[in-house]
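Data first, discussion second: the structure below is written as structure tokens.
The values are calculated or read from the model by the stated rules, or taken from the named source; none is laboratory data. It should be emphasised that the depicted structure is a prediction, and the values quoted were computed from it without experimental measurement. No Cβ is skipped: glycine too gets one built from the backbone with ideal geometry, and neighbour counts run over all protein chains shown. Note: areas computed on protein heavy atoms with side chains; ligands, DNA, RNA excluded. Shrake-Rupley method; radii C 1.70, N 1.55, O 1.52, S 1.80 Å.
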Amino acid sequence: MDTKILYVSKDLTGKDDIKNLTLASEIVRNGGLVAFPTETVYGLGANALDDDAVKRIFEVKGRPQDNPLISHLASADDIAKYAHTAENDYFAKLAPLFPAPLTVVLRKLPLISNVVTAGLPNAGFRVPENLVARKFIELAGVPIAAPSANISGRPSPTKAEHVIEDLFGKVDVIIDGGPCNVGVESTIVTLATDPPVLLRPGAVTLETLSSLLGQVQISRAILSEMNNDEIASAPGMKYKHYAPVNPVTLIMGSDDKVIPYINKRCETENLAILCYDEDAGSITECRNIFTIGKADDPLGQARSIFDALRATDECSFITGVLARCPESKDGVNLAVYNRLLKASGFNVIKL
């Protein structure tokens, strides 16, 4: 396939921005696949009202058929066209947050097909904060079903280069709108239950949701592995995700335990290390060191984590990746920890 790469400025001030987005919107409306930037990660978009187009997403990504997709909309007002919102008090409390790195799961209307939802009666909806994404969806005039724009299981793409690496020649268009400023996928909360349940942590934190909704439960799948016979009610819950080529092991503990452990392992093993900025100078036995931000800056870690995981694939002859992970589970730390858990297949060493 001849993949077109279209460049668009983040603030939509470029002279060809609208022309490029109009072209991309026509292609996606007519059944094509378009990778586009959001504030979280790049998405692989198809017309959510076109079953054949949505099926191509699963084929191109190699995505399991029971892993549902999120429908992206240009405005919070549009959600009512595709889901039962009128009598949902929880939705009324969250709607003012949009646009945001947030997905709400609601009882769907028939317009959203079972292909999008993997046969489930509920569907996920979000309104991206990213201006390019919203303008693209607005011009398309249809909801855009989109998972992350990568091969299934790989680290999510936060730059157009990542999308090109995974999907060039497999999709119709890649919109290059620069790097994503959040870096981990949207928070997902289901509003189809009482109380609501956090299905995937992200930049909109559990604490924020609880302050608006009251009690919010946490899905078991956030911190532990789902069984093969369990049904995933949202993306990213069931399968191994975000993994680089080499196996990832998470290291949890205090500085005085983690740093000596890493140095000891690196004396006899060729490993890549993901660590905090402050750690880099103390890790003396490894040459493949990738920092993910300061220890007290989970937003910075979120922006860096997928880029760092992908970067380990460029290391020669390594046998694995050791990644330091947050001990705290509050705020955005929960999102960073969840992504690392999924990348490692729940392989954690607690020191």
Going by a 4.7 Å Cβ-Cβ cut-off, which cysteines of the chain have no partner at all? Cys180, Cys275, Cys315, Cys325
So how far, in whole Å, is the C-alpha centre of the range 1-28 from the one of the range 274-314? 33
So how strong a dipole does the range 249-306 carry about its Cα centre when Lys and Arg Cβ are +1 and Asp and Glu Cβ are -1, to the nearest 20 debye? 200
Share of carbon and sulfur in the accessible heavy-atom surface of the range 290-351 [1.4 Å probe, %]: 49
Which pairs in the list Lys55/Lys170; Lys159/Lys294; Lys15/Lys81; Lys55/Lys329; Lys19/Lys61 are over 24 Å apart, alpha-carbon to alpha-carbon? Lys15/Lys81; Lys55/Lys329; Lys19/Lys61
Leu274 accessible area, assembled protein chains, probe 1.4 Å, Å²: 0
Are there chymotrypsin sites (Phe, Trp or Tyr not before Pro) in the range 281-351 that DSSP marks as loop and that have at most 10 other Cβ atoms within 10 Å, and which are they? Phe317
Over 15 Å, how big is the tail of the calculated P(r) for the range 1-91, in percent of all Cα pairs? 69
Top of Arg154, Arg310, Arg287 by mean-square fluctuation, Gaussian network on the chain, Cα under 10 Å: Arg287
Dipole-positive endmost among Thr208, Leu111, Val163 within the chain (Cβ charges, Cα centre): Leu111
Portion, in percent, of the accessible area of the range 173-224 that falls on carbon or sulfur, probe 1.4 Å: 54
Residues of the chain: accessible area per residue at 1.4 Å, in Å²? 40
So, with +1 on the Cβ of K and R and -1 on the Cβ of D and E, and no other charges, what is the size of the charge dipole of the range 255-341 about its Cα centre, to the nearest 20 debye? 240
Please list log₁₀ I(q)/I(0) at q = 0.15 Å⁻¹ for the chain, using the Debye equation with identical point scatterers on the alpha-carbon positions. -1.25
Using alpha-carbon coordinates, inclination of helix 333-344 to the longest axis of the chain, degrees: 80
What length, rounded to one decimal in nm, is gained on full extension from Thr268 through to Val348, with 0.36 nm per residue of separation minus their alpha-carbon distance? 26.8 nm
Magnitude of the charge dipole, the chain, Cβ model with Lys/Arg +1 and Asp/Glu -1, debye to 20: 400
